[in-house]
1. Being among the polar types (S, T, N, Q) and buried (at least 18 other Cβ atoms within 10 Å of the Cβ) is the filter here; which residues of the stretch 20-36 pass it?
2. Of a type in the set (Val, Ile, Thr), surrounded by fewer than 20 Cβ atoms within 10 Å (Cβ to Cβ) and modelled with pLDDT of 95 or more: is that true of ILE228 in this structure?
3. Restricting to the stretch 4-19, and then to whatever is touching a residue at least 24 places away in the same chain (Cβ under 8 Å) and under 22 Å from SER210 (Cα atoms), can you tell me which residue is surrounded by the most Cβ atoms within 10 Å (Cβ to Cβ)?
4. Pairs only if they're at least six apart or on different chains, beta carbon under 9 angstrom, first in the stretch 102-129 and closer than 20 Å to SER214 by Cβ and acidic (Asp, Glu), second part of a strand (DSSP E or B) and at pLDDT 95 or above; list them, first residue then second.
5. Is it true that ILE85 is farther than 23 Å from ARG184 by Cα and among the aliphatic types (A, V, I, L, M)?
6. Kindly evaluate VAL46 against the criterion of being closer than 18 Å to ALA227 by Cβ and among the aliphatic types (A, V, I, L, M).
7. Determine if the stretch 91-106 includes at least one residue that is assigned to a strand (DSSP E or B) and either at pLDDT below 95 or under 12 Å from the mean Cα position of the chain (by Cα) (or both).
8. So, in the stretch 43-58, how many residues would count as being hydrophobic (A, V, I, L, M, F, W, C) and buried (at least 24 other Cβ atoms within 10 Å of the Cβ)?
Amino acid sequence: MRVAVITFPGSNSDHDSYSAVKYCLQEEVEYVWHQETDLSGFDCVVLPGGFSYGDYLRGGAIARFSPIMTTVTKFVADGGFVLGICNGFQVLTESGLLPGALIRNRSLRFLGQWTYLRVENNKTPFTTHYTHHQVIKVPIAHGEGNFYVADDQLDEIESANRVVFRYCDREGVVSEATNPNGSRNSIAGIVNVGQNVLGMMPHPERVADSILGSGDGLILFESLREAISKRGSKTSGSNVTAA
């Protein structure tokens, strides 16, 4: 398993993502600068959290034009796995790789706190090591984490079981009181139609070791490793290289 962690100007969770893969999962990982265009030999791409380009205009709006994103789009079409965390989720929606948009928190304040998530779909490549409706503890750190989609898109996402994580309390009860940012239907993470792209606002890479207050994030990376192993590694060079 070989993972690329994309670094944009303003990324700040790229080191957390790198450490989660290298030291907790003990798999091969490399930083890839946003101006690069080569993802050949990688099995998975992580778009990390942070404030790419200072979040000017809005989160992810400028980063989606970085040269690497053309290659990421082709990487997805080729079946590669992509995990977008926080700002990475914003980049994925801005790039059209996931539906919807991440808008300002309903409080209009930056939120940095622990949250509980309920695993809504444990059949995706990112969640097979969780159980259905398992409650996990994962932190958030964002000012624009309010997931919004139009009614028809929301119905489509829900009916297709593409909601992967939902904000809840420690018992797994979902309510407006446990929704930190105002996201529609308390959605914290979704996958694309092909289930090889996951975007989520909470930070699993920051809880990849129990010494950090929770080890629940490591389970996501372990699930992804198994999915890659079952599919077969793409490190032979079948991944794309943009011209």
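The values are calculated or read from the model by the stated rules, or taken from the named source; none is laboratory data. Since the structure is predicted, the reported quantities are computational estimates derived from the model, not experimental observations. Virtual Cβ from ideal backbone geometry, glycine too; neighbours counted across all protein chains shown.
1. Narrowing the stretch 20-36 to residues among the polar types (S, T, N, Q): 26, 35.
Answer for the stretch 20-36, where residues must be among the polar types (S, T, N, Q) and buried (at least 18 other Cβ atoms within 10 Å of the Cβ): there is none.
2. no
3. Checking each candidate, the answer is SER17.
4. Sorted first by the residue in the stretch 102-129, then by its partner, the pairs are GLU120/VAL163; GLU120/VAL164; GLU120/PHE165; GLU120/ARG166; GLU120/ILE187; GLU120/GLY189.
5. The answer is no for ILE85.
6. Yes.
7. The answer is no, given that none of the residues of the stretch 91-106 is assigned to a strand (DSSP E or B) and either at pLDDT below 95 or under 12 Å from the mean Cα position of the chain (by Cα) (or both).
8. Step one: filter the stretch 43-58 for residues hydrophobic (A, V, I, L, M, F, W, C), giving 44-47, 51, 57.
Now restrict to residues that are buried (at least 24 other Cβ atoms within 10 Å of the Cβ): 44-47.
Selection size over the stretch 43-58: 4.
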